[in-house]
Protein chains: 2
Amino acid sequence: MEVAVLAHEKFPERAKTAVGVIRYGDYDVTAVLDRERAGGQVAEYVPGAPDAPIVEGMDDVEEADALLIGIAPIGGGFEESWREDVENALSRGCDVISGLHYFLSEDPEFVELAEENDCELWDVRKPDDDLTVSQGVAKEVDAEVILTVGTDCSVGKMTVSLELARAAQEQGVDAAFIPTGQTGIMIEGWGNPIDRVVSDFTAGAVEEMILEKGDEHDYLFVEGQGTIIHPAYSAVTCGILHGAMPDQLVLCHAAGREAIHGYEEFEIPPMEEYVDLYEGLAAPVHGTEVAAGALNTVDIVDEGPARDAIDEYGSDLGVPATDPVRFGADELLEALL
Amino acid sequence: MEVAVLAHEKFPERAKTAVGVIRYGDYDVTAVLDRERAGGQVAEYVPGAPDAPIVEGMDDVEEADALLIGIAPIGGGFEESWREDVENALSRGCDVISGLHYFLSEDPEFVELAEENDCELWDVRKPDDDLTVSQGVAKEVDAEVILTVGTDCSVGKMTVSLELARAAQEQGVDAAFIPTGQTGIMIEGWGNPIDRVVSDFTAGAVEEMILEKGDEHDYLFVEGQGTIIHPAYSAVTCGILHGAMPDQLVLCHAAGREAIHGYEEFEIPPMEEYVDLYEGLAAPVHGTEVAAGALNTVDIVDEGPARDAIDEYGSDLGVPATDPVRFGADELLEALL
């Protein structure tokens with residue numbers, strides 16, 4: 001399927017959905033919409049990605065079956081400055097795929113346009129109606145469950161889980177990725193958007209996916225969310241930790257990050273504190289341990305300093321660590337499988 | 001307002017909404033519906049409560065302006081065996097107040113009956129549409145924020161918060177109760193049902209209430225939910241802990257409880273572990289400490305053994321402890337104010 005990806009004013013650093021879909025999705029990305037970077041090329045910003053032009057708006061997109069909203073702002077609202085692009089997409093018969101908290105399928109104007117032009121509005125973040133509370137049984141599945149947990153939002157938990165699952169598959173291991181957020185769901189085509197689930201059902205929505213896939217595979221790599229010390233989103237993290245009942249954890253961090261993203265008043269504590277918190281909080285429900293570390297070194301240009309940062313990170317955690325995007329996931333897999 | 005309280009087969013031990021409303025609400029309770037205990041009297045089961053008959057069903061209720069659903073089963077579903085009572089209530093012009101996850105106001109049959117008879121369906125657990133993510137600023141209010149946290153569900157967190165707020169008010173202290181669950185909301189007539197909020201907004205929904213009331217009072221007693229080690233509901237607990245940014249915690253426990261209620265496979269860990277988990281998890285967001293303990297001794301008949309259990313509990317925690325329902329809240333207030 002050919003898709004145009006909307007990422008106005010945020011591509012690529014603050015457009016993690018866009019970049020995730022470009023890197024890992026099965027879509028043929030024909031353009032990125034970013035009015036600030038229009039005229040550039042995707043491959044300049046996302047090394048190794050299939051190239052596509054960056055354009056001003058939907059009018060400049062030549063081919064597309066769908067418009068995919070590739071930004072997830074704090075709060076998940078809809079920016080009215082995107083309305084024209086969504087309207088243009090629908091008018092020319094494109095579906096629209098969105099992971100916003102604001103549901104396009106409940107916007108009367110979009111609904112009308114979609115009906116007129118026979119296209120679909122897919123709100124990835126709209127949870128199934130049949131979710132319910134956890135039964136506390138995820139640990140009973142055959143698969144070894146490996147959860148990525150983080151020191152903050154946007155440190156690369158989804159990417160690490162995807163890289164681990166794919167590297168394991170390449171080694172012939174029967175592994176699956178369990179998506180818990182809008183980008184992961186867009187990439188895989190299924191999954192529960194945990195941050196949009198009723199808070200009482202947070203753990204249950206994760207458990208449901210573990211039970212669905214856990215006897216079909218040997219390893220499940222579960223995409224974590226947020227951080228357990230996040231002033232706003234820790235509930236999501238906590239529900240996933242207890243609902244997934246992971247056997248092992250991979251602690252994800254971004255090199256140089258010193259404060260919670262968007263909540264700069266809140267400092268990142270020492271790494272040992274995260275290990276204690278995640279393991280301590282998990283223990284009464286299902287014992288687990290941080291068995292590997294993943295450090296996002298995208299902001300360190302040179303390889304030498306990146307490797308130094310990884311060494312320090314691994315030594316803080318006392319477990320094998322690397323940047324799986326930059327240096328491959330094999331070292332982590334050796335510790336995990 | 002005269003209300004009949006539905007609590008079939010669960011009154012009083014497993015009907016915490018019913019008992020909470022009978023004890024603390026401003027309603028005039030005219031009957032309790034419990035087909036298993038029909039023929040009895042409320043005062044036999046809830047010492048000190050205004051008396052009322054326990055009846056078989058709505059047909060046996062003489063006077064009522066509303067029927068209040070006083071049970072909250074695991075999962076919050078609607079039991080079809082209650083339908084007749086709800087129908088009877090609506091048919092005779094009674095409003096229906098419910099804290100279930102299942103919204104009566106979305107049940108076509110109830111909606112039609114309510115319209116025909118000009119009555120209201122109040123779903124207490126339906127969250128406001130304008131809730132959003134936490135800004136991480138609850139600590140900035142003038143009031144001292146005191147949160148009850150628990151070793152399990154149903155140990156008395158709401159009751160303890162209410163007893164503390166009322167005892168403080170009786171001492172002339174400007175204190176308010178912040179309701180976070182269906183019973184608390186029914187009692188106070190306002191509040192956000194945190195367990196029904198979208199998980200991303202869990203902390204934000206608590207913060208919103210703290211900001212609304214925090215500059216009007218000297219003390220806020222926030223009703224906690226669940227427990228931080230609950231296999232199903234810990235997300236709610238975690239979001240409240242970080243959203244409320246409490247200055248002090250009161251750890252609530254039920255004497256003799258050895259496993260998580262309804263999840264008996266999961267043991268209650270030592271009390272010190274709870275203290276470490278709650279304080280450790282709160283610290284990176286807003287430092288707090290367990291400053292008092294509340295032990296629910298309802299299952300210990302004699303006063304001597306109850307006092308012994310309290311002494312042991314206080315010594316485990318290293319802070320003042322009592323059962324505020326049985327022995328009054330003054331000892332806890334001394335530690336907290």
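Every number here is computed from the coordinates shown, using simple stated rules; none is lab data. Because the structure is predicted, anything quoted here is derived from the model rather than measured. Heads up, the Cβs are rebuilt from the backbone with ideal geometry, glycines too, and the neighbour counts pull from every protein chain shown.
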(request) Just check segment B:138-336 against the gyration tensor rule for me: Cα atoms, a ≥ b ≥ c as the square roots of the eigenvalues, rounded for a/c under 1.5, and otherwise prolate or oblate depending on whether a/b exceeds b/c. (result) oblate
(request) Express in whole angstrom the spacing between the alpha-carbon centres of segment B:261-331 and segment A:299-320. (result) 43
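About the Cα centre, and with charges only on the beta carbon of Lys, Arg (+1) and Asp, Glu (-1), how big is the dipole of the protein assembly as shown? Nearest 20 debye, please.
1080
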(request) Compute the Kirkwood hydrodynamic radius of segment A:1-135, taking the inverse of the mean of 1/r over all pairs of distinct Cα atoms, and give it in Å to one decimal. (result) 15.1
(request) Working from Cα positions, state the angle (0 to 90°, nearest 10) between the long axis of helix B:234-244 and the longest principal axis of chain B. (result) 70
(request) Give me B:LEU121, B:LEU162 ranked fewest to most by other Cβ atoms within 10 Å of their Cβ, as a rough exposure proxy. (result) B:LEU121, B:LEU162
(message) Suppose every Lys and Arg Cβ carries +1 and every Asp and Glu Cβ carries -1, with no other charges. What dipole size does chain A come out with about its Cα centre, to the nearest 20 debye?
(response) 580
(message) With both bridge residues required to lie in segment B:2-123, what share of the DSSP beta bridges run antiparallel, to the nearest 5%?
(response) 5
(message) If neighbour count is taken as other Cβ atoms inside 10 Å, put A:GLU331, A:GLU223, B:GLU63 in order from fewest to most.
(response) B:GLU63, A:GLU331, A:GLU223
(request) Would you calculate a helix-derived [θ] at 222 nm for the protein assembly as shown, using -39,500 (n - 2.57) for each DSSP H run of n ≥ 4 and dividing by the full residue count, to the nearest 500? (result) -9500 deg cm²/dmol
(request) Just name one of B:LEU337, B:GLY57, B:ILE185: the one whose Cα is farthest towards the positive end of the charge dipole of chain B (beta-carbon charges, Lys/Arg +1, Asp/Glu -1). (result) B:LEU337
(message) Tell me the angle of helix B:157-170 to the major Cα principal axis of chain B, expressed in degrees between 0 and 90 and rounded to the nearest ten.
(response) 80
(message) Counting only other chains, and only Cβ atoms inside 10 Å, what mean value do you get across the residues of B:328-334?
(response) 0
(message) Taking 8 Å as the Cα distance limit and 6 or more residues as the minimum spacing, I'd like the relative contact order of segment B:217-337 as a percentage.
(response) 22
(message) How would B:LEU6, A:LEU277 line up from fewest to most surrounding beta-carbon atoms within 10 angstrom?
(response) A:LEU277, B:LEU6
(request) Kindly give Rg over Rh for chain A, based on alpha-carbon atoms, with the Kirkwood expression for the hydrodynamic radius. (result) 0.96
(message) I'd like the orientation of helix A:303-317 relative to chain A: the angle between its Cα long axis and the longest Cα principal axis, in ° from 0 to 90, rounded to 10.
(response) 50
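With charges only on Cβ, +1 for K and R and -1 for D and E, what is the dipole size of segment A:94-139 about its Cα centre, in debye, rounded to 20?
600
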(message) Per residue of segment B:257-268, what does 6.51 cos²θ - 1.76 cosθ + 1.60 with θ = phi - 60° give for ³J(HN,Hα)? Whole Hz please, x for Gly and Pro, Karplus curve as stated.
(response) 5, 10, 9, 5, 4, x, 9, 5, 5, 9, 6, 6
(request) Determine the percent antiparallel among the DSSP beta bridges restricted to the protein assembly as shown, to the nearest 5. (result) 10
(request) For B:VAL29, enumerate residues with amide H under 5 Å from its amide H, sequence gap 5+ or separate chain, H modeled in the peptide plane. (result) B:VAL3
